[in-house]
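The structure appears right after this line, and notes come after that.
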Amino acid sequence: MERLVIANWKMNPKSLNLAIVLAGSVKRHLRDTHGVRVVICPPFPYLAAVGRQLKRSGLPLGAQDMSSEEEGAHTGQVAPAMLKALGCAFVILGHPELRRESGETDFMVNGKLRAALKAGLVPVVCVENVAQLMKALKGVSKSSYGKIKVAYEPSWAISTRKGAKPARPNEVRKMVQRLGAIAPSATFLYGGSVSAKNAGVFLKKGMVQGFLVGQASLKPREFAHLVKKTGFG
Ligand code: 13P
């Protein structure tokens, strides 16, 4: 199965110019990586320019969230079709930071997941436990599970949280087994303080097929290292 690394830039870099420079640098550093698909997810205002910069690089573009609505009176929201028009192939949904800071509920994540599948976007749904995955998949046909990427991302493991440390590999293995029992054909990723140093241990025995990466995705050299480890680990 193909390995996958999703770069979640969150609300970085600080300016459009810096985002374009970062995309160019990431593209150059990843030139010689094989066996792994790398998706770049910049903030909404940078999508178009980063997408142009990544053209012909083979690095798909993704968004960090979207609306479950197709159009209409939804101030501040971004519709799935708008993301498609900007060249997005992937969309991160239910990130723990959105659940915490913006009151994103399981019901909302479920609506967004179904909307992403309908629009032909690959959903990367973040969950911290089995209940969240079950709720996210409500009403989704089992035949679509193969299109879904599930990131086990415990909020306490996110590097920018005070006292954060990565989940223990054993913990990840157990949780991914439980999540996998619900949606066996989905692809499973791990997110939370992943670095080039610890990536290899999570890939052992097919525990996960890749990563959702925050901080380390903002440093092109380290990120390329992490990606290489993922490809050949
Ligand atoms: P870190 O890799 O910085 O821990 O962030 C994880 C994350 O939130 C990815 O979406």
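The values are calculated or read from the model by the stated rules, or taken from the named source; none is laboratory data. Being a predicted model, the structure only gives us computed values, none of them experimental. With ideal geometry, Cβ positions are generated from the backbone for all residues, glycine too; neighbour counts draw on all protein chains shown. Remember, those area values only see protein heavy atoms, side chains included, never the ligands or the DNA or RNA. Shrake-Rupley method; radii C 1.70, N 1.55, O 1.52, S 1.80 Å.
Give me the distance in nm between label points sitting 7 Å out from Cα along the Cα-to-Cβ direction at Arg52 and Lys197, one decimal.
Modelled inter-label distance: 3.9 nm.
Obtain the nm distance between the two label points defined at Lys142 and Met11 by a simple spin-label model: each point lies 7 Å from its Cα along the Cα-to-C-beta direction.
Here the answer is 4.3 nm between the modelled labels.
Straight-line reach from Lys142: which lysines have Cα under 28 Å away, leaving out those fewer than 8 places along the same chain?
Lys84, Lys112, Lys118, Lys174, Lys204, Lys205
Mind checking which lysines have their Cα closer than 16 Å to the Cα of Lys219? Skip sequence neighbours fewer than 8 apart in that chain.
Candidates past the 8-residue exclusion: Lys10, Lys14, Lys27, Lys197, Lys228, Lys229.
Could you work out what % of the accessible surface of segment 65-197 is carbon and sulfur, using a 1.4 angstrom probe and leaving DNA, RNA and ligands out of the count?
The C+S portion of the solvent-accessible surface of segment 65-197 is 53 percent.
So how do 157-166, 84-93 stack up, highest first, on mean other-Cβ count within 10 Å?
Per-residue Cβ counts within 10 Å, averaged per peptide and sorted highest first, yield 84-93, 157-166.
Note down the Stokes-Einstein diffusion coefficient of segment 148-232 in µm²/s, whole number, using a Kirkwood radius over alpha carbon pairs, 20 °C, and 1.002 mPa s.
166 µm²/s
Listed highest first by mean packing, meaning other Cβ atoms within 10 Å per residue, what order do 221-227, 10-16 come in?
Per-residue mean Cβ counts within 10 Å order the peptides as 221-227, 10-16.
Gln77 to Ser102: extension gain in nm, 0.36 nm per residue of separation minus the Cα-Cα distance?
The Gln77-Ser102 span can extend by a further 7.7 nm.
Before rounding to the nearest 500, sum -39500 (n - 2.57) across all DSSP H runs of length at least 4 in the chain and divide by the residue total; then give [θ] at 222 nm in deg cm²/dmol.
Working: 9 runs with 87 residues, N = 233.
Only helices count here, giving -11000 deg cm²/dmol.
Using just the C-alpha positions of segment 70-116 as equal point scatterers, what log10 of I(q)/I(0) does the Debye formula give at each q in 0.16 1/Å?
-0.48
Can you tell me the accessible area per residue over the chain, all protein chains present, probe 1.4 angstrom, in square angstrom?
49 Å²
Kirkwood Rh, Cα Rg: Rg to Rh for segment 1-54?
So for segment 1-54, dividing Rg by the Kirkwood Rh gives 0.98.
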